[in-house]
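First comes the structure, then the notes that go with it.
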Amino acid sequence: MSNATDSLIEAEKMIRSTFSKSTVDDVERSLQICRWLFGFNSVEKGFKVKCYSTNVKYGDICFCVDRPGHGDCESDRVATWFFRIRSNCQIFRRIALNAPYFKRQSDTNNAYILSTDSKKLDLEVLKIHIFASYELLLKKLKLKSNVSSTNALQLNRDQPQDNGDLPNKEDVDAAELQSRKTSTAEVIDLDNVLDQVKENFEKADKPLKENWREITKQNIKIWFCKRTGGPDAA
């Protein structure tokens with residue numbers, strides 16, 4: 001059964017878990033796409049955009065359209081997906097080729113963008129391609145959308161913006177060293193390290209994003225996954 005969800009909190013956890021071995025930038029790019037697509041649910045009527053992960057070799061995050069009572073996103077093979085992103089940023093979409101960087105997937109009507117190409121594309125360009133695929137699926141399902149090509153990109157801009165910063169690996173390393181100076185424990189408590197990160201940012205008069213703590217905990221799992229004795233992110 002599919003694990004599709006329209007909860008942004010659950011979707012973000014799913015993305016971070018599926019892409020746990022990807023770079024922080026790749027994970028953040030995927031999260032931005034997810035937040036943008038889930039923004040459609042605030043204006044669409046009669047159906048929702050959902051997100052689910054697949055258990056293929058590389059690890060995919062897919063986005064599908066779900067109509068109440070149809071079970072569109074609940075089966076093992078979801079027929080209403082319109083976009084998927086792979087952990088290496090290889091992007092697949094259901095639409096005819098219309099750009100030189102699209103490659104045809106053999107024996108299907110799908111196209112994809114190689115990782116090396118997708119990382120060079122501006123996020124706004126990717127959104128245009130994703131929305132075109134979304135429109136194609138809705139047309140196939142005979143659904144009317146309240147999102148247009150004109151306001152699709154505007155949806156994300158209209159949302160309140162959190163202009164705070166996120167701690168990077170160097171910020172966490174510095175906070176860990178500071179915490180070790182006042183602790184004799186072999187493993188430093190993660191919350192103590194994050195408290196030190198917050199204190200350092202406040203001293204530097206640098207604002208933090210509202211959800212920085214949860215995001216940083218997920219990033220630490222990526223940064224320190226092969227390290228022992230560092231911040232306890234378990």
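Every read-out reported here was derived from the displayed coordinates using simple, explicitly stated rules and does not represent laboratory data. All values derive from a computational prediction rather than experimental measurement. Every residue, glycine as well, gets a Cβ built from its backbone with ideal geometry; the counts of neighbours run over all protein chains shown.
Remarks
- Inter-label distance for A99 and N168, nm, one decimal - labels placed 7 Å from Cα along Cα-to-Cβ: 2.7
- Too-long pairs where the Cα-Cα distance tops 30 Å, listed order kept, from K127/K198; K13/K198; K21/K127: K127/K198
- Pairs exceeding 29 Å between alpha-carbon atoms, taken from K119/K181; K144/K217; K142/K209; K50/K209; K139/K209: K119/K181; K144/K217; K142/K209; K139/K209.
- Cross-link partners of K103 among aspartates and glutamates, defined as those whose alpha carbon lies under 15 angstrom from its own and excluding same-chain residues fewer than eight positions apart: D117.
- Full-stretch length increase - N151, Q32 - with 0.36 nm per residue and alpha-carbon distance subtracted: 41.1 nm
- Highest mean packing comes first when the peptides 6-12, 143-149, 32-38 are listed by Cβ atoms within 10 Å, giving 32-38, 6-12, 143-149.
- Between D122 and L136, the modelled label-to-label distance comes to 2.3 nm, taking each label 7 Å out from Cα in the direction of the beta carbon.
- Each of the peptides 171-179, 65-73 was scored by the mean count of other Cβ atoms within 10 Å over its residues; in descending order, highest first, they stand as 171-179, 65-73.
- Charge sum, other residues only, whose C-beta stays under 12 Å from F131's C-beta, Lys/Arg counted +1 and Asp/Glu -1: 0
- Modelled label positions at D189 and S75, each set 7 Å beyond Cα in the direction of Cβ, lie 5.1 nm from each other.
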